[in-house]
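In what follows, a single structure is set out as structure tokens and then discussed.
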């Protein structure tokens, strides 16, 4: 169980670094380009700036339906900080739970 919790911690740590990079790049796009804050939605960001991850749009739309379309319509600088905070909290919880576990197998 300890290894599983530490894996969750590390996955969320890497995810948090990626979220910070997304926030920085979206901020740069807004500050340096013609795109306004409300116009740079998650859908636009994926489609125009990182088309390699276009499959994420399809996955969100397929799995979540109308909720997925609503999420994709949110500005990137609203959804990314929320994901960053949520991932950080989950990672901190997993790390603190792993610290309480014994290193020796039961």
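A short reminder: the numbers here are calculations on the coordinates, not readings from a lab. The shown structure was predicted, so the numbers you read here are calculated from the model rather than taken from an experiment. Positions of Cβ are backbone-derived with ideal geometry, glycine not excepted, and every protein chain shown enters the neighbour counts.
Per-residue extension of 0.36 nm, minus the Cα-Cα distance of residue 71 and residue 96, leaves a gain of 5.9 nm for this segment. Under the criterion of Cα pairs below 8 Å and six or more residues apart, the relative contact order for the chain equals 50 percent. Note on residue 89 and residue 37: the model spin-label points, each 7 Å out from Cα along the C-beta direction, lie 2.3 nm apart.
On full extension of the chain, what length is gained from residue 13 through residue 62, given 0.36 nm per residue of separation minus the C-alpha to C-alpha distance? Intermediate results must be reported in sequence, preceding the final value.
Details: separation 49, 0.36 × 49 = 17.64 nm, distance 2.71 nm.
Going from the current span to full extension adds 14.9 nm.
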